[in-house]
Each structure stands twice: as structure tokens, then as C-alpha cells.
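Working notes, structure below.
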Amino acid sequence: MTADKIFVSLGGLFTMGFIAWFFLFKNEEEIRAENSIDITVDGGYSPEAVFVPRGKTTKLNFFRKDSTDCLDEVVLGDFKIRRKLPLNQKVTVEITPQKTGEYDYSCAMNMYHGKIIVRD
Amino acid sequence: MESKKKSLSISGMHCASCVRVIEKSLSKTPGVTYANVNLLNESADVEYDPSAVSEAQLLQAVSNVGYEATMVDEAKKEDEDKKEKEAQLRVLRRKAAFSLIVGGLILLASFPGLESLAPWFLKNFVVQFVLASLVQFGPGLEFYRATLPALRHRTANMDTLIAFGTSAAFAYSMLVTFAPQFIRALGIAPMPYFDVSTLVIGLILLGRFFEAQAKMGTSEAIKKLIGLQAKTARVVEKGKEFDVPIDQVTVGQVVRVRPGEKIPLDGRILEGISGVDESMVTGESFPVDKKPGDQVIGGTINKTGSFIYKVEKVAGQSLLAQIIKLVAEAQASKAPIQRLADVVSSYFVPIVLMLAVATFVLWYNLGPQPSFLFALLSSITVLIIACPCAMGLATPTAVMVGVGTGAKEGILIKNAESLETAHKINTVILDKTGTLTEGKPELTDIMESQKSKVKGPKLLELAASLEKGSEHSLAEPILRAAEKDKVQTFPVKNFLALPGLGIKGEIAGRKVLFGNRQLMDKEKVDFTLWEEKIVKLESEGKTVMLLGGRTQKGAELLGLLAMADVLKDHAKEAIHQLQEMGIEVVMITGDNRRTAESIARQVGIDRVLAEVLPDQKEAEVQRIQKEGRVVAMVGDGINDAPALSAADIGIAMGSGTDIAIEAANITLISKDLRSIPAAITLSQKTMRTIKMNLFWAFGYNAVLIPVAMGALFPFFHVLLSPILASGAMAFSSVSVVSNSLLLKRAKIKYA
């Protein structure tokens with residue numbers, strides 16, 4: 001094996017490791033919602049994970065700043081909510097979860113993900 | 001408390017502080033629960049209690065603090081949404097066309113054999129670079145714009161793959177153009193790949209254009225339902241008629257509807273007769289005759305006559321509004337089958353990125369010369385061909401179209417999970433009264449005892465007197481007959497209803513019993529001599545009620561009354577259809593076994609659960625489930641709500657009331673039994689589409705990613721070009737959406 005091949009192989013392995021670490025091993029930003037919380041939609045949902053108390057109505061205020069077509073709808077499948085998110089406009093979604101657990105939500109194409117964690 | 005949402009359009013706002021001022025003013029208005037002002041589009045969303053505050057007061061609250069506001073018309077908003085979407089589509093089409101034309105020109109100038117046709121200047125690398133830059137940072141900018149914020153969140157998506165892939169091709173070509181000596185040093189002839197970067201962008205955008213267009217079709221059904229809502233109603237007051245916006249019409253107001261007009265709201269006819277086309281709500285194709293006292297549904301079309309009717313529900317609570325809400329919720333819900341796709345898609349893009357790197361390393365180390373070029377092109381192909389969108393779209397688009405198609409036929413599915421479970425149904429339990437039959441029994445026979453002094457009309461008198469106070473399901477035919485024959489009724493003392501047995505009470509000092517055999521047994525009334533007559537009536541499918549009397553001298557049977565219920569039209573046909581589909585049909589009823597079996601025979605049902613008390617229905621459903629069957633229970637959704645929820649799928653039929661919709665997984669607005677096989681067929685077809693989509697989406701990636709990596713190269717020396725890859729990828733997600741749209745044309749009724 002020549003030097004350049006060894007260099008490419010090691011570089012490749014390192015890059016793959018980096019990709020795995022960068023995308024798959026990240027600490028999600030988690031924020032506790034008190035009655036209402038603002039979620040910015042810009043290349044994803046920020047904060048990504050929201051703690052919501054069980055049995056209480058919480059307002060999720062989505063604000064979309066990203067013009068990506070995919071993000072123009074948010075789908076909270078477990079709460080049977082599908083809502084259009086016009087650009088630069090606050091859209092409020094109300095949920096009153098009755099069961100604790102983790103509920104994923106996503107854009108209409110299921111490419112961007114966010115999470116609602118319901119706790120007592 | 002009632003709550004209503006409205007948007008106000010506000011002018012005169014300049015800064016963030018204006019927002020605060022208006023929000024405060026609105027929030028302080030009594031009756032307003034929520035106010036949110038948006039500076040950018042100069043509007044406010046307000047939630048309020050319409051009984052506490054009027055629209056005028058809301059507008060006043062804004063003008064009080066120095067701004068001007070008007071109410072936003074919802075229909076207009078819907079229209080604007082559509083216009084906005086169409087404008088977006090036009091932009092997308094223009095971007096795709098521009099990229100494809102530029103890409104085509106560059107391809108022409110660099111494709112071996114074709115290049116002689118191209119004008120000389122196009123062959124200049126710098127000219128190609130300028131053209132490709134226009135695409136890369138013009139139409140191609142949207143890929144970067146979606147990638148960068150996502151990377152900040154440490155997530156990756158479809159756009160990340162395209163951005164990386166085209167950037168690699170673009171950067172390499174740039175190097176070839178401006179520093180060819182580096183490329184030569186690698187032993188590669190310096191040829192740029194500007195055609196790849198531009199055509200890939202063009203084809204992906206073209207795919208998105210088709211996909212967006214197809215996606216608009218998936219929500220068509222609900223848009224049509226919303227379009228059914230009337231805008232105004234012609235209210236009649238003190239002999240005068242005037243048009244009123246429907247959300248201002250209140251319960252109890254009287255509305256006139258002329259032939260050919262839309263009935264604005266739910267209500268009951270006061271005067272006039274007409275034929276009404278209810279197909280858009282119930283799915284029943286024939287006009288329904290309406291006369292005074294009959295119910296009319298808002299959004300349906302009055303065909304022949306003119307009538308006036310009394311409004312019974314306000315706009316927000318009408319059947320149509322409920323249907324719209326139900327459909328919207330169901331379309332947004334998640335099918336269990338989607339979970340797998342969810343898990344896969346959350347790891348998909350990072351894995352593809354890693355595979356692209358691995359491809360590069362493998363080709364560089366093992367590939368033929370020039371290995372760097374092979375390595376680069378194959379890893380770009382891997383990035384481009386991977387298609388996570390198809391996986392994400394596979395289930396939701398099919399659910400949206402499936403639920404929408406159902407709604408058009410009067411089949412309302414509560415959520416995607418119900419739609420999924422319904423395709424597994426292999427047993428359908430039908431409640432007899434009101435589901436299989438019209439639920440309007442008629443009195444057919446009255447037989448008197450030879451020994452008793454109580455004769456013909458007297459029997460009806462006693463029965464009617466007792467039934468008057470009862471809510472027994474068989475009371476109605478007796479009371480109707482009594483009214484028709486104008487017999488008198490007597491006051492009843494110590495009335496008692498015995499569920500599953502009958503009723504008893506005291507009339508003129510004599511104890512009277514009216515019910516089935518069990519009641520007579522319990523009260524020690526001898527009916528052995530009557531057995532033969534009873535059996536004969538029961539074998540004709542009639543329900544027999546015995547009338548017994550008891551005095552100090554003892555108990556005796558006074559006579560019997562028999563009733564029969566008419567089977568619904570198409571009942572036999574519907575049951576036959578279910579059986580053809582391999583589904584066992586079971587009838588459940590509180591009736592006596594012989595009566596039940598006679599009716600079951602008429603419609604071709606083999607299995608009968610007879611003499612089931614109302615509160616035992618639930619247990620019967622569970623018993624059949626224990627046999628390992630997937631059970632659908634069909635009832636009216638009001639009296640049998642527990643049985644409906646116990647079943648795997650509860651189907652409420654022919655009512656569309658809140659309670660029924662709440663209890664049922666599937667609500668059938670039409671009373672036609674054939675909508676049961678139609679609903680199950682719809683579920684089966686939708687599931688087939690979902691499975692096809694998922695198979696296609698997974699299969700596509702599982703086959704083509706390895707091919708892009710070069711899996712076929714060792715055997716056939718073929719390698720996929722990145723341009724073909726982008727075409728395949730665009731086609732893949734479009735085909736998933738189009739396949740879902742085919743469900744619209746699925747034949748689910750009367751197959």
C-alpha cells in the first residue's frame with residue numbers, strides 16, 4: 001500500500017467516525033415548557049426536545065424562519081395535529097397530553113424531527 | 001365555554017412595541033382568551049368566547065389604542081394559501097427549467113461525440129464555470145440554505161446529501177478549470193464535471209416540482225369538504241328575508257332554501273317538501289325526499305322544491321364541520337406501520353454520508369486508474385441516489401388520500417391506526433335492530449285468549465298504557481298502533497321496567513305484565529297452550545310479546561302482540577359482499593333465538609348471538625375476540641358504545657352524532673349496509689398502497705445505493721452516472737406520491 005492510500009484510508013475512517021459522532025451522538029437540547037413555549041423552526045426544531053407536564057394544556061408556538069419547503073407543515077401524529085407553518089409567522093398548537101412518554105413529531109416529509117416528552 | 005378563533009388584519013403597526021400594545025388591549029377585552037399579534041404580516045390571531053364579546057368589540061379594542069383593524073375572511077385566506085402555493089410552484093418550475101437548460105448546454109459541450117455541435121465558447125471551461133456557478137448559487141442555493149441550519153443542529157437531511165454531492169462535483173471542476181496542473185499531477189486528464197453539478201440540481205428540483213404538485217392532490221378531499229360550506233343563509237324574520245353570514249346565524253332561526261341552492265346549516269324542515277342531494281356528505285347517490293319534520297344537513301344541495309327550516313346547530317357544530325375536523329385529524333395521525341420508516345429515516349442520512357466516504361476509500365484503494373476520479377464520482381453518485389423522502393412520504397400520503405377518499409363516500413375514519421387495523425378484520429358483528437333492520441318495527445298480530453274476557457282492542461289498550469311510560473325499543477310500534485286505532489290509555493301505578501324481560505305495572509287495580517317468556521315464567525303465568533302459536537310467529541321473524549294479568553284469583557295469559565321489523569334494502573347484498581371477502585358475519589340481538597335465526601336466514605347470516613341483554617354485548621364481542629378473530633362491531637354507536645369500543649374496530653352507522661363519532665373507529669354516515677364492505681375494502685386498498693410504497697422506498701435504496709457504490713462494477717464494468725442517479729432519485733419520490741394518489745380512483749363501493 002502506498003502512502004497516499006494509507007492516508008486516504010485513515011482519513012476516510014476518521015471522517016466516518018466523525019460523521020457518526022456528529023450526527024448520532026449528540027446531546028439534545030431539552031427545555032421544560034411552562035404553559036407555553038416558543039419553538040424556532042430553522043433547519044430543525046429548536047429546542048429539539050420539550051418537556052411538557054401531563055394533563056395540562058401547553059401551547060407550542062412554532063415560528064418558522066427556514067424557507068425549506070419540507071418544513072412548511074409540522075405533524076404531531078400522536079396528537080393528530082397537522083398544521084401549516086407560514087414563513088415568519090407564529091403558529092400556536094395546543095396539546096393536553098394524558099399519558100407520559102416520548103412523542104416524536106416531524107415535518108410533513110418526516111425529515112426533521114422534534115420530541116415532546118410528557119412527564120408527571 | 002365556547003371558543004372561536006379569528007384573524008384580524010391590522011394596519012398602522014411599525015414596531016415591536018406596537019405589537020405589545022395591541023396584544024395587551026385585545027387580551028384585556030373581556031371574553032378574549034388569547035391574542036397574538038404578528039408584525040410581519042400585520043395580523044392578529046384572537047381566540048375568544050363569541051357569547052361574551054362580538055367581532056365589533058374586538059375591532060374596537062384595536063382602534064382604541066390607535067390602529068385600524070378588519071376581520072379576515074377565512075375563505076379568502078384559503079384562497080390566498082392556494083395562490084401562494086401556486087406561486088411557489090411556478091418559482092420551482094422556473095428554477096428547475098433554468099438549471100436543466102444550462103446543464104443541457106454544458107452537457108452538449110462536453111459529451112463525447114456531441115461536442116462538435118456545440119458553439120466554441122461553450123467548450124471554454126471558464127464559460128462553463130460561470131454558467132455552473134449561476135446554477136450552483138442560484139437555484140442550488142436552497143440546498144445550502146436547508147443544509148447549514150440543519151448542521152448547526154447536528155442533523156442532516158435530503159438537502160445535505162444534494163448539497164454535499166453537487167458541491168463535490170462543482171469544487172472538483174473548479175479545480176480542473178483554474179489549477180489543472182494539480183489534476184495532471186494525479187495522472188488524470190483535466191476534464192470538468194459542471195454538467196453533473198447543474199443537471200443534478202435541475203433534475204432534483206424538477207422532481208420536487210412534480211412532487212409538490214402531486215402533494216397538493218393529497219389534500220384535495222378536505223379542501224372539497226371545506227368548499228361545501230355555504231357562506232350565507234337566507235334568514236326569514238317577521239316575513240322579511242335577508243342574507244346573513246352563516247357564522248352569525250343562531251339556533252332557532254328560520255331559513256329559506258330555494259331549488260338548486262345549498263342548505264346552509266343543519267336543521268329540521270318546517271314547511272315544504274323537496275328532494276335533497278346528500279351525496280357529498282353521506283355518499284348515497286340518490287336524492288333523499290324531505291318533508292316537514294325531516295332533518296337536513298348543511299352543505300347538501302336542495303334539488304326540487306323550496307322549503308323553510310329551523311336551524312338546529314350553529315356553523316361550528318354542524319355535521320359538516322365535525323366531518324371536516326375528523327378528516328383533518330385522521331389525516332394528521334400516524335399509522336403504526338410508519339414507525340419502522342421513522343426509525344430508519346432518523347439514521348438514514350448519516351449512514352449514507354458514511355457510505356459515501358467508504359465508497360471513496362474503497363475505489364481509491366482498489367479501483368482502476370484514474371482511481372481518484374472513480375472514487376470521487378461514485379461517492380457523489382451515492383450521495384445523490386439516496387432517497388429518504390420516499391420513505392418519509394410512503395405512509396402519510398397514502399393515509400391522507402385513503403381517509404379523503406373515504407370521506408367522499410361517507411366513510412369517516414377516526415385515525416390512521418383504525419385504517420390499519422380495519423384491513424385485518426375477519427369477523428363483522430352486526431347489531432340487528434337499527435343496523436340490519438330499519439329499526440322501526442310494526443305491529444303485525446294481536447291474538448287474544450279465548451278464555452279471557454280481555455278482547456282485541458282491550459289488549460292494545462293495556463299494552464299501550466304500560467308502554468307509554470317506557471323507553472322500551474318495542475314501545476313505539478305499539479303506541480303508533482294505539483294512536484292509529486284511537487284506543488284509550490289508562491294511568492299506570494307501580495311501573496317497573498325489567499331490562500331483557502319486559503315491563504309491568506298496575507292498571508285499574510289489576511297487575512299487568514308485558515314481556516317475553518322469561519317474564520311470564522318469573523311471574524308464574526302459564527303459556528304452555530300458546531307455545532305452538534308463539535313458535536310459528538317467531539319462525540316468521542316476528543318478535544312476540546306476551547300480555548299477562550294477575551288478580552287475587554291467580555295469573556293468566558291475556559294474549560299476545562307480535563311485531564316485525566323490516567330489513568334494510570341491500571342488507572342481503574352487503575352481507576354477501578362481506579362473505580365474499582372472506583369475512584364471517586355474525587348477528588347479535590336481544591331477540592329470542594327463533595326470531596333471530598329466521599331473520600338471519602333471510603339475509604344469509606349463519607352465526608347468531610340471540611337473547612343477548614344490552615349489557616352483555618360487550619362480553620360477547622370479547623368472547624369472539626378470544627377465538628382469535630379480529631372483530632368489527634357495527635351498531636348505532638349510541639346504545640352500544642361499550643360493545644363498539646370493545647371490538648377491534650367499532651363501526652357506528654347512520655347517525656353521525658358526537659357520541660357515535662366518539663365511540664367509533666369508523667363512522668358511516670350512510671345507513672346503507674354496503675358501506676361496511678366499502679370501508680373494509682378502502683382499508684385493504686390503502687394498506688396495500690402503503691406496503692407497496694414502503695417496499696418501493698426501501699427496495700429502491702437497498703438496491704440502488706450498492707449499485708451506486710459500484711457493486712456491479714466487478715462483474716459488468718457498469719457504474720451509475722450521478723446524472724442518472726438524480727433522475728432516479730427524483731422519480732422515486734414522485735412515484736410514491738403518485739401511487740398514493742391512485743387510491744383516489746380506487747373502486748371501493750359495490751364492487
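The values are calculated or read from the model by the stated rules, or taken from the named source; none is laboratory data. All figures in this text were calculated on a predicted structure; none of them were measured in a lab. Because the Cβ atoms are built from the backbone with ideal geometry, glycine has one as well, and the counts that use them run over all protein chains shown. The protein model used for the area step is the full one, side chains on, heavy atoms only, and it has no ligands, DNA or RNA in it. Shrake-Rupley method; radii C 1.70, N 1.55, O 1.52, S 1.80 Å.
List of remarks:
- Within region B:705-726, residues that are open to solvent by less than 50 Å² (accessible area, probe 1.4 Å) reach partners that are among the charged types (D, E, K, R) with beta carbons closer than 9 Å, at six or more positions or on different chains, in the pairs B:Ile723/B:Asp195.
- Scan region B:315-346 for residues that are of a type in the set (Ser, Thr, Tyr) and more than 7 Å from chain A (Cβ to nearest Cβ) and the total you get is 1.
- For beta carbons closer than 8 Å, sequence separation of 6+ or different chains, a first residue in region B:191-204 that is in contact (Cβ under 8 Å) with a residue 40 or more places away in the chain and a second that is of a type outside the set (Ser, Thr, Tyr) and part of a loop (DSSP other than H, G, I, E, B), the qualifying pairs are B:Asp195/B:Phe111; B:Ser197/B:Gly140; B:Ile201/B:Pro139; B:Ile201/B:Gly140; B:Gly202/B:Pro139.
- Residue count for region B:230-252, restricted to those that are farther than 13 Å from B:Gly298 by Cβ and open to solvent by 30 Å² or more (accessible area, probe 1.4 Å): 13
- B:Leu355 out of contact with any strand residue (DSSP E or B) (no Cβ under 9 Å at 6 or more places or on another chain), facing chain A (nearest Cβ under 10 Å), of a type outside the set (Lys, Arg) and open to solvent by 40 Å² or more (accessible area, probe 1.4 Å): yes
- Residue satisfying condition, being more than 9 Å from every other protein chain (Cβ to nearest Cβ), open to solvent by 20 Å² or more (accessible area, probe 1.4 Å) and of a type in the set (Lys, Arg), within set A:Arg82, A:Arg32, A:Arg64: A:Arg32
- Residues that are open to solvent by less than 20 Å² (accessible area, probe 1.4 Å), part of a loop (DSSP other than H, G, I, E, B) and not polar (S, T, N, Q), drawn from region B:318-351: B:Ala335
- Looking only at region B:402-448, and only at residues there that are part of a helix (DSSP H, G or I) and within 14 Å of chain A (Cβ to nearest Cβ), the one that is surrounded by the most Cβ atoms within 10 Å (Cβ to Cβ): B:Val403
- Against the numbered list (1) facing another protein chain (nearest Cβ under 9 Å); (2) at pLDDT below 80, A:Gln89 comes up short only at (2).
- The condition (being in a helix (DSSP H, G or I), more than 14 Å from chain A (Cβ to nearest Cβ) and open to solvent by 50 Å² or more (accessible area, probe 1.4 Å)) is satisfied by just one residue among B:Phe170, B:Phe164, B:Phe98, B:Phe129: B:Phe98.
- One residue stands out in region B:687-730 among those that are under 27 Å from B:Lys424 (Cβ atoms) and among the polar types (S, T, N, Q): the one that is nearest to the chain's Cα centre (by Cα), namely B:Thr689.
- Residue pairs meeting the criteria (Cβ under 6 Å; at least 6 apart or on separate chains; first farther than 27 Å from B:Gln136 by Cβ and acidic (Asp, Glu), in region B:80-100; second part of a helix (DSSP H, G or I) and open to solvent by 40 Å² or more (accessible area, probe 1.4 Å)): none
- Every condition in (1) surrounded by fewer than 19 Cβ atoms within 10 Å (Cβ to Cβ); (2) within 15 Å of the chain's Cα centre (by Cα); (3) at pLDDT 85 or above; (4) more than 9 Å from chain B (Cβ to nearest Cβ) is met by A:Phe7 except one, and the failing one is (2).
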